Amino acid sequence: MAELAAGVRGYGLIVAMWVRTTMTYRMSFAMTALGNLLMTAADFAAIAIMFSHTDVLGGFTFAEVALLYGTTSTSLGLADLLLGNLDRVGRRIRDGTMDTLLVRPVPVFAQIAADRFALRRIGRVLQGLIVLVWSLTALDGVAWTPVPVLLVPVMVLSGAAIYGAVFACGAAFQFWATDAAEVQNSFTYGGSTLTQYPPTIFSKELVRGVTFAVPLAFVNWLPALHILGRDDPLGLPGWVDFASPLVAAACCALAGLAWRTGLRGYRSTGS
Amino acid sequence: MRGSEALRDAPAVQALRLYGLVAAGGFRRFSTYRAATAAGVFTNTVFGFILAYTFVALWHERPQLGGYDQAQALTFVWIGQALLAPAALLGYGFQEDLQERIRSGDVAVDLYRPADLQLWWCAHDLGRAAFQLLGRGIVPMAVGALAFELALPTAAHTWLLFLLSVTLGCLVSFAIRYLVGLTAFWLLDGQGINLMNSLVAMLLSGTLLPLTVFPGAAGDIAQALPWAAMLQVPADVLLGRHTGAGLAGALAFQVAWAVALLAAGRAMQALATRKVVVQGG
């Protein structure tokens with residue numbers, strides 16, 4: 001518990017330092033944050049272009065797809081903002097700066113996660129939130145009783161935790177494969193692209209894979225299907241729609257284990 | 001004998017040999033990152049699958065959208081994944097190294113070398129593209145062809161024309177990124193312009209959706225801009241959508257943009273070089 005507190009404190013201090021650095025050049029920050037927002041909006045533009053040719057995609061309307069898009073993008077944006085620089089592990093091992101982190105009195109994980117904290121990534125979160133809020137106003141036929149209302153923030157935060165766990169696992173993987181940072185992108189950015197679209201358009205095998213193997217379906221598909229009053233393509237029992245926080249907790253525990261194993265096995269390159 | 005020796009020492013041959021070596025260096029440099037290449041292949045394949053399923057859903061609703069049938073649309077997806085790294089369709093690339101050298105002043109050393117700055121980077125980038133076409137292009141395309149019904153041509157000459165078109169596309173891509181890189185002489189920090197370049201390249205090369213699917217005039221405009229030369233034109237060449245005069249026109253479109261943008265790069269380089277001398281004095 002004390003270690004966790006020290007980690008969070010260390011993380012906060014390093015983040016605050018990088019935020020101060022960023023804010024020295026306010027104009028530059030504003031431009032790069034806006035650029036980030038526009039960059040991530042490009043894939044939503046592609047979805048909008050698709051819906052300029054059709055009313056439904058895989059049986060889902062534009063507003064319904066926007067709900068899927070908004071939730072997964074906000075989740076990924078939060079994880080990316082908080083932990084996005086974990087993928088620098090490989091580079092740190094290659095250039096030898098990993099060693100300096102080991103001797104500092106702050107957990108290594110917190111140091112790497114906060115390293116070069118990029119506040120401009122808030123652009124992705126904002127873009128996701130804008131689409132999410134728009135979709136909530138545009139959806140017809142959803143009865144906004146307390147359960148679906150609560151499910152929205154629970155889904156976004158659980159999703160962020162699941163993506164965060166994937167980031168941590170990807171970083172742990174780099175202790176073995178020091179220049180394979182891109183594999184992680186398949187699960188984070190790839191996973192987010194996947195869950196932007198309705199599960200009905202993908203093959204059953206793929207949906208099974210992202211439900212049971214890498215549980216990205218819990219980021220938004222299952223809770224969102226509950227809100228939209230639709231059955232999931234795998235015919236799972238109803239309670240799994242509410243299982244996202246549990247799945248997120250399990251993922252984080254697993255990621256913690258992977259990280260510890262990786263760090264313990266770390267041998268410096270000596271350079 | 002004397003004749004061939006004289007030929008070997010001719011300045012043009014020497015230059016050719018120099019830039020050939022630089023290109024080979026670019027090829028070799030990227031071939032050393034084996035795990036990174038494997039990771040890239042994996043990522044391109046995963047994204048290929050996701051995009052392919054979304055295209056199936058869209059073409060199910062609107063068959064013949066953008067003038068493609070479903071097999072052609074799926075082929076477009078996998079060509080896009082195969083060319084993502086070689087043609088730098090997301091806009092990332094060597095320009096960040098160039099910007100760093102400009103910012104640190106190392107570029108002054110480069111300018112004193114007996115090699116032309118633009119040709120040097122061009123050879124390097126084409127060497128990189130050649131490696132990435134082989135290392136990151138073939139496997140995703142093969143996986144895509146196994147998993148989906150694609151519309152790949154059987155005639156060898158179509159594939160050769162495709163390779164020519166890809167080379168021209170890589171040249172256009174280089175020319176654009178060279179211009180972006182040179183802006184560092186004036187802006188010093190390249191972050192903003194690199195981001196804008198990535199955004200524009202992603203939208204207007206056809207990476208997200210074929211440009212023929214863009215609504216109304218936006219589609220026509222996008223197809224006239226240089227980014228169309230990077231993916232849209234090579235894909236249409238492989239799909240056999242251009243024949244005869246149309247094919248010549250499509251390749252001429254790529255050549256014209258390559259020449260214009262490389263010339264713009266030379267002009268900008270001349271302006272920038274003058275600036276370096278002023279700063280150095």
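I need the calculated FRET efficiency for the pair A:ALA16 and B:LEU111, taking r as the beta carbon distance and R₀ as 30 Å, to the nearest 0.05.
0.10
Could you tell me whether chain A comes out rounded, prolate or oblate from its Cα gyration tensor? Rule is a ≥ b ≥ c as square roots of the eigenvalues, rounded for a/c under 1.5, then prolate if a/b exceeds b/c, otherwise oblate.
It comes out prolate by the Cα gyration axes.
With labels modelled as points extended 7 Å from the Cα through the Cβ direction, what inter-label distance (nm, one decimal) is found for A:ARG264 paired with B:ARG62?
The modelled label-to-label distance comes out at 5.5 nm.
For chain B, take the longest principal axis of its alpha carbons; what is the angle in degrees between that and the long axis of helix B:117-132, to the nearest 10 within 0 to 90?
Between the helix axis and the principal axis of chain B, the angle is about 40 degrees.
Taking the radius of gyration and the Kirkwood hydrodynamic radius from Cα positions alone, what is the Rg/Rh ratio for the stretch B:168-281, to two decimal places?
Result for the stretch B:168-281 is an Rg/Rh of 1.07.
Angle, helix A:2-24 long axis vs. longest principal axis of chain A, Cα atoms, 0 to 90°, nearest 10?
Roughly 80 degrees between the two axes.
Averaged across the residues of B:44-50, what count of C-beta atoms belonging to other chains lies within 10 Å of each residue's C-beta?
5
Dividing the convex hull volume of the alpha carbon atoms of the stretch A:80-231 by its residue count, what do you get in Å³ per residue?
Dividing the Cα hull volume of the stretch A:80-231 by its residue count gives 129 Å³.
When the Cα centres of the stretch A:1-37 and the stretch A:215-265 are compared, how far apart do they sit, in Å?
Here the two parts' Cα centres lie 28 Å apart.
So which residues of the stretch A:46-62 lose at least 20 Å² of accessible area, probe 1.4 Å, when you go from the chain by itself to every protein chain present?
The answer is A:ALA46, A:ILE49, A:MET50, A:HIS53, A:THR54, A:VAL56, A:LEU57.
Between A:MET23 and A:ARG91, what's the calculated FRET efficiency when r is the beta-carbon distance and R0 is 25 Å? Round to 0.05.
It comes to 0.50.
Any idea how far apart B:LEU16 and B:SER31 come out in nm if each label point goes 7 Å out from Cα toward Cβ?
2.2
Counting only C-alpha contacts under 8 Å and six or more residues apart, can you give the relative contact order of chain B as a whole percent?
The normalised contact order for chain B reaches 25 percent.
Suppose R0 equals 41 Å; then what is the FRET efficiency for B:ALA71 and A:ALA48 from their Cβ-Cβ distance, rounded to the nearest 0.05?
Here the calculated transfer efficiency is 0.95.
Loop only by DSSP, 12 or fewer other Cβ within 10 Å of the Cβ. Give me the trypsin sites (Lys or Arg not before Pro) in the stretch A:107-197 that pass, ordered by residue number.
A:ARG116
Given 10 Å bins starting at zero, what is the percent of C-alpha pairs of the protein assembly as shown in each, up to the one with the largest pair distance?
Result, from short to long distances: 3, 16, 26, 27, 18, 8, 2, 0, 0, 0 percent.
What does the average come to when, for each residue of peptide A:168-181, you count the partner chain Cβ atoms lying within 10 Å of its Cβ?
2
Going by alpha carbons, how many degrees (0 to 90, nearest 10) lie between the helix axis of A:146-173 and the longest principal axis of chain A?
40
Within the stretch A:60-101, what whole-number % of the accessible surface is contributed by carbon and sulfur, with the 1.4 Å probe and all protein chains included in the calculation?
That share works out to 58 percent.
Looking only at other chains, what is the average number of their beta-carbon atoms within 10 angstrom of each beta-carbon in A:96-105?
The mean count of partner-chain Cβ atoms within 10 Å per residue comes to 0.
The values are calculated or read from the model by the stated rules, or taken from the named source; none is laboratory data. Bear in mind that the values here come from a model prediction, so they are computed numbers and not experimental data. When we count neighbours, we look across all protein chains shown, and the Cβ atoms used for this are built from the backbone with ideal geometry, even at glycine. When the accessible area is computed, the model is the full protein with side chains, heavy atoms only, and any ligands, DNA or RNA have been set aside. Shrake-Rupley method; radii C 1.70, N 1.55, O 1.52, S 1.80 Å.
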